[in-house]
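One structure is given below, encoded as structure tokens.
The values are calculated or read from the model by the stated rules, or taken from the named source; none is laboratory data. These numbers were taken from a predicted model, which means no experiment stands behind them. Cβ placement follows ideal geometry from the backbone for every residue including glycine, while neighbour counts extend to all protein chains displayed. Areas reflect the complete protein model, heavy atoms only, side chains present, ligands, DNA and RNA absent. Shrake-Rupley method; radii C 1.70, N 1.55, O 1.52, S 1.80 Å.
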Amino acid sequence: MSEVQQRKKIILSGIQPTGTFTLGNYIGALSNWVKLQEEYHSAYMIADLHALTVKQDPIKLRQQILSAFAVVLACGVDPEKSLVFMQSHIHQHAELNWVLACHTQFGELSRMTQFKDKSAKNADNVNAGLFTYPSLMAADILLYQADLVPVGADQKQHIEITRDIATRFNHLYGNTFTIPEPYIPKIGARIMSLAEPTKKMSKSDENTNAFVTILDKPETIVKKFKRAVTDSDMKVCYAEGKDGINNLISIYSTATGFSYEQIEKEFEGKGYGDFKKAVGEAVVELLRPVRENYERLIADKAYLEQCYQAGAEKAANLAQCTLKKVYKKVGLVMK
Ligand code: ATP
Ligand code: LTN
């Protein structure tokens, strides 16, 4: 086996500090970050530069970034095992973004569904950063030569454009970047809104009943599930057109480890009320340790700072190595 084949694979992922993380973020992304750190070299970042693509209040943003960092650790990402850092601390992300943006076409960026959704939602602020968002995300991934990117289903298109940009660059200048693969969970890759189950659960939803956050109190979680929109069929089974119930089944399945068949059997002959209560309670137990860890971590600012400083130092070395290679390949004069 060659040295390349033997190398331990690299994982990179990021999350935007645009609000308190939801159950969707946890099931679709964060819980996998924790699992994968055991097997791979992993790097996880708070995508604070990406958060600037929508209007932010500076004071609130600063708190959200720190809080997001604490939540990532509270979920079980271990700074001894994984590189954990803030995107803006590594200036190479913005620099590689520029080079990659010059190798990304207007037409490709125009096809991004996230751009279309977010520009419709923020019609008064369709800025250039929102449009070029994917080339910064490509820079995040390619700087660390990541093999795998654990994300929810909504990010698949962004990984595909990253692959296209990297492949194009490699063809033009010779092998430079590892071509990354998305890592999308089979169950829970797209947790739906509790209020409108045909829409993705999103932390920036205006309706707070649409999502459960990782830090919600147990009674709030149970109440939100009680209110979750379902249907008039009254049968707990996974079937086409039953978006609300399908969503609750996949949440219950990831929280308990039960298969869909086991769940259907458990609730045979029972009403939606019983089922919603059980889902709420299972989610309370799933999130309880995260909330408890968070409360401890957010009170210890010195520890958080020590973690992100150490993360930044290590990440910068890796990032600089790739950026230097890129600058050389495209023909810039090295100092
Ligand atoms: P925003 O509302 O600000 O767009 P978001 O809730 O969509 O935020 P992101 O920061 O864009 O969250 O996503 C962080 C990670 O969580 C990504 O990997 C994304 O795919 C995943 N994710 C987001 N929402 C869900 C969801 N509803 N189900 C599963 N995974 C999700
Ligand atoms: N666009 C992602 C956040 C993100 C990301 C990344 C994910 C920024 N950079 C690099 C994976 C890899 C989102 O969740 N909206």
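With protein chains left intact and a 1.4 Å probe, residues in the stretch 268-335 average 62 Å² of accessible area per residue.
Carbon and sulfur together cover what percent of the accessible area of the stretch 125-262 at a 1.4 Å probe radius?
With neighbouring chains kept in place, the figure for the stretch 125-262 is 50 percent.
Note on the chain: helix-only mean residue ellipticity at 222 nm, from DSSP H runs of 4+ residues weighted -39500 (n - 2.57) and normalised by residue number, equals -16500 deg cm²/dmol. Per residue, the solvent-accessible area of the stretch 1-62 (1.4 Å probe, heavy atoms of protein chains only, all protein chains present) comes to 49 Å².
Under the convention that each Lys and Arg Cβ holds +1 and each Asp and Glu Cβ holds -1, the size of the dipole of the chain around its Cα centre is about 620 debye. Protection proxy ranking of 63-76, 295-308, by the mean of other Cβ atoms within 10 Å over each peptide's residues and highest first, is 63-76, 295-308.
Can you work out the base-10 log of I(q)/I(0) for the stretch 69-217 at q = 0.09, 0.13, 0.14, 0.17 1/Å, using the Debye formula on its C-alpha atoms alone? For the stretch 69-217, the Cα-only Debye profile gives -0.34, -0.73, -0.84, -1.21. Over every Cα atom in the stretch 136-266, the radius of gyration and the widest Cα-Cα span, Dmax, amount to 18.9, 60 Å. Sorted largest first, the spans of the alpha carbon positions of the chain along the three principal axes are 72, 52, 45 Å.
What dipole magnitude, in Debye to the nearest 20, does the stretch 225-335 give about its Cα centre under +1 on Lys/Arg Cβ and -1 on Asp/Glu Cβ?
980
Mind checking the dipole of the stretch 61-166: about its Cα centre, +1 per Lys or Arg Cβ, -1 per Asp or Glu Cβ, Debye to the nearest 20? The calculated dipole for the stretch 61-166 is roughly 260 debye. For the stretch 66-201, the solvent-accessible area of protein heavy atoms averages 41 Å² per residue (probe radius 1.4 Å; ligands and nucleic acids excluded). Using a probe radius of 1.4 angstrom, the carbon and sulfur fraction of the accessible surface of the stretch 21-109 is 57%.
Taking the inverse of the mean reciprocal distance over all distinct Cα pairs, the Kirkwood hydrodynamic radius of the stretch 1-148 comes to 16.4 Å. Comparing mean-square fluctuations of K60, K314, K81 from a GNM of the chain with C-alpha springs under 10 Å, the top value falls on K60. When the charge dipole of the stretch 49-126 is built from unit charges on Cβ atoms (+1 for Lys and Arg, -1 for Asp and Glu) and taken about the Cα centre, the candidate among L49, Q87, G76 whose Cα reaches farthest toward its positive end is L49.
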